[in-house]
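Participant: The structure's right below; bear with me while I get my questions together.
The values are calculated or read from the model by the stated rules, or taken from the named source; none is laboratory data. Keep in mind that what you see is a predicted model, and the values were worked out from it rather than measured. Note that each Cβ is placed from the backbone with ideal geometry, even for glycine, and that neighbours are counted across all protein chains shown.
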Amino acid sequence: MSASSPAPVRFVDLAAQQERIRDRVDAAIARVLDHGQYIMGPEVSEFEAQLSAHCGAAHSVACSSGTDALAMVLMAKNVRPGQAIFCPAFTFVATAEVVAWLGAHIWFVDVDAATFNMDPASLETAIAEAKAAGHEPVGVIPVDLFGIPADYDAISKIAAREGLWVLGDGAQAYGARYHNRRVGTLAMATATSFFPAKPLGAYGDGGAIFTDDAELAETLRSILFHGKGTSQYDNVRIGMTGRIDTMQAAVLIEKLAIFDDEIEARNRIAARYSTLLSGHVETPHVPDGLQSVWAQYTVKLPAVADRAAIQSQMKDKGVPSAVYYAKPLHLQDAYSHHGIAGGTLPVTDMLSGCVLSLPMHPYLDEETQDRVVEALVGAL
């Protein structure tokens, strides 16, 4: 770019959000510094209570990351070798990674071409094939990809028939709605992430687990603190260091206070993207009755498009883009020995070749959004 070119567009603008709440965040951090309870300080339980009030889950257990949130639920369910757990291949690796930690078989499931979320028909195929392979099906981990909840009605119906539990991976979708219910109340348990770039993000790693099961919540609180019983020196089960830092909880309390306003802004920006890009690319589809939090705004490029060239041309104009996910999990070397529903995942393979994510955050003004659209359309 020339010296007179406008500044590059930010893919996620955390600075704008920080400017809005800097005084409140500074005060929250100062309170933690003053009381000095850096581990399990009062802000942690306060944050958990606010999360439950926000999403409607009876129990919210804040923890160290979205990945650890998933892992702790699997540990609480005593997942072990010989068992089979089903998850989509079109997602971030953490979803499958935690299953592999515990030695269980991963069965990769295809996704719906419109929503990018788990395809119930492919799940049925995977369950049948897992049984035929001598594996014991125990659980399903649907992912609420890019901010849109998965098809929990269909998935839960299959799971109930097969005697499987459902663990929602809501790492990208906390705050989203599914027929007037929030993510966090749609499954036996739901894990989410507060990684800084997430719609509700900390200033470091963090996560949470939501459940209505009081016994499960109690077990999770033990697991996240080294499997403690009456104290951390009374170990009643195998655990981990899964606590969230008090400082992160303090920051997240201030961010949660403005989160619903930010969700509204994200939806307004996404709707404008879809209007401006209609006819140029295939824009995201949100099923009736659902509301996304737009962790990503992801389009599908035309089949003949050269995605790398398009990204390069956009970058030359100061407009970033990203590809989630260019290499799906069933093609990753580390997971090549796990199961694949039907032996092939055609929709996942198709999406990995054509998706493109555009800048998305609550502070994306119309002038900047126009730059993004013009750069993409021009490159096309």
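Participant: Restricted to the range 12-68, and to residues that are of a type in the set (Ser, Thr, Tyr) and in contact with a strand residue (DSSP E or B) (Cβ under 6 Å, 6 or more places away or on another chain), which residue is nearest to Asp245 (Cα to Cα)?
Facilitator: The extreme case among them is Ser65.
Participant: Of the residues Val293, Val304, which single one is modelled with pLDDT under 95 and not assigned by TED's automatic domain parsing to the domain that holds Ala208?
Facilitator: Unique residue meeting the criteria: Val304.
Participant: If you don't mind, there's one more thing I want to ask. Assess whether Ile253 counts as being β-branched (Val, Ile, Thr) and closer than 22 Å to Gly204 by Cβ.
Facilitator: Yes.
Participant: Among helices (runs of 4 or more DSSP H) lying entirely in the range 3-120, which contain 1 or more residues that are under 17 Å from the mean Cα position of the chain (by Cα) and assigned by TED's automatic domain parsing to the domain that holds Pro149?
Facilitator: 42-55, 66-76, 94-101
Every residue, every condition in (1) surrounded by fewer than 24 Cβ atoms within 10 Å (Cβ to Cβ); (2) in a strand (DSSP E or B), yes or no:
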| position | (1), (2) |
| --- | --- |
| Ile158 | yes, no |
| Val166 | yes, yes |
| Gln172 | no, no |
| Ala187 | no, no |
| Thr190 | no, yes |
| Tyr203 | yes, no |
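Participant: Any idea which residue in the range 226-246 is farthest from Phe194 (Cα to Cα), counting only those that are small (Gly, Ala, Ser) and crowded, with 18+ Cβ neighbours inside 10 Å?
Facilitator: Applying the filter and picking the extreme gives Gly239.
Participant: What pairs come up if the first residue lies in the range 355-373 and is assigned to a helix (DSSP H, G or I), the second is modelled with pLDDT under 95, and their beta carbons are under 8 Å apart, counting only those six or more places apart or on different chains?
Facilitator: From residues that are assigned to a helix (DSSP H, G or I), the pairs are Arg371/Pro6.
Participant: Name the residues in the range 156-174 that are without any contact (Cβ under 8 Å) to a residue 60 or more places away in the chain and closer than 21 Å to Val93 by Cα, would you?
Facilitator: Hits for the range 156-174 are Val166, Gly168, Gly170.
Participant: Further, regarding this structure: If you take the residues in the range 253-282 that are touching a residue at least 60 places away in the same chain (Cβ under 8 Å) and of a type in the set (Lys, Arg), which one is nearest to Ala30 (Cα to Cα)?
Facilitator: Lys255
Participant: Give just the number: which of (1) in a loop (DSSP other than H, G, I, E, B); (2) touching a Phe, Trp or Tyr at 6+ places or on another chain (Cβ under 9 Å); (3) of a type outside the set (A, V, I, L, M, F, W, C) does His337 not satisfy?
Facilitator: Result: His337 passes all but (2).
Participant: Here is a follow-up. Test of understanding: among Val372, Val347, Val355, which residue is over 21 Å from Val109 (Cβ atoms) and β-branched (Val, Ile, Thr)?
Facilitator: Val372
Quick grid of which residues meet (1) under 23 Å from the mean Cα position of the chain (by Cα); (2) part of a loop (DSSP other than H, G, I, E, B); (3) acidic (Asp, Glu):
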residue	(1), (2), (3)
Val293	yes, yes, no
Ala303	no, yes, no
Gln311	no, no, no
Tyr325	yes, yes, no
His330	yes, no, no
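Participant: With the requirement that a residue be in contact with a Lys or Arg (Cβ under 8 Å, 6 or more places away or on another chain) and in a loop (DSSP other than H, G, I, E, B), what does the range 205-230 give you?
Facilitator: Listed by number, the residues that qualify are Leu224, Gly227.
Participant: Of everything in the range 108-129, what is surrounded by 21 or more Cβ atoms within 10 Å (Cβ to Cβ) and touching a His at 6+ places or on another chain (Cβ under 7 Å)? Give them in sequence order.
Facilitator: Matches in the range 108-129: Phe108, Thr115.
Participant: Could you tell me which of the residues Ala249, Ala150 is crowded, with 21+ Cβ neighbours inside 10 Å and either free of Cβ contacts under 8 Å to residues at least 60 places away in the same chain or charged (D, E, K, R) (or both)?
Facilitator: Of Ala249, Ala150, the one residue that is crowded, with 21+ Cβ neighbours inside 10 Å and either free of Cβ contacts under 8 Å to residues at least 60 places away in the same chain or charged (D, E, K, R) (or both) is Ala150.
Participant: Now a separate question. Which count do you get for residues in the range 327-352 that are under 15 Å from Phe146 (Cα atoms) and either in the same structural domain as Ala89 (by TED's automatic domain parsing) or small (Gly, Ala, Ser) (or both)?
Facilitator: Number of matching residues: 1.
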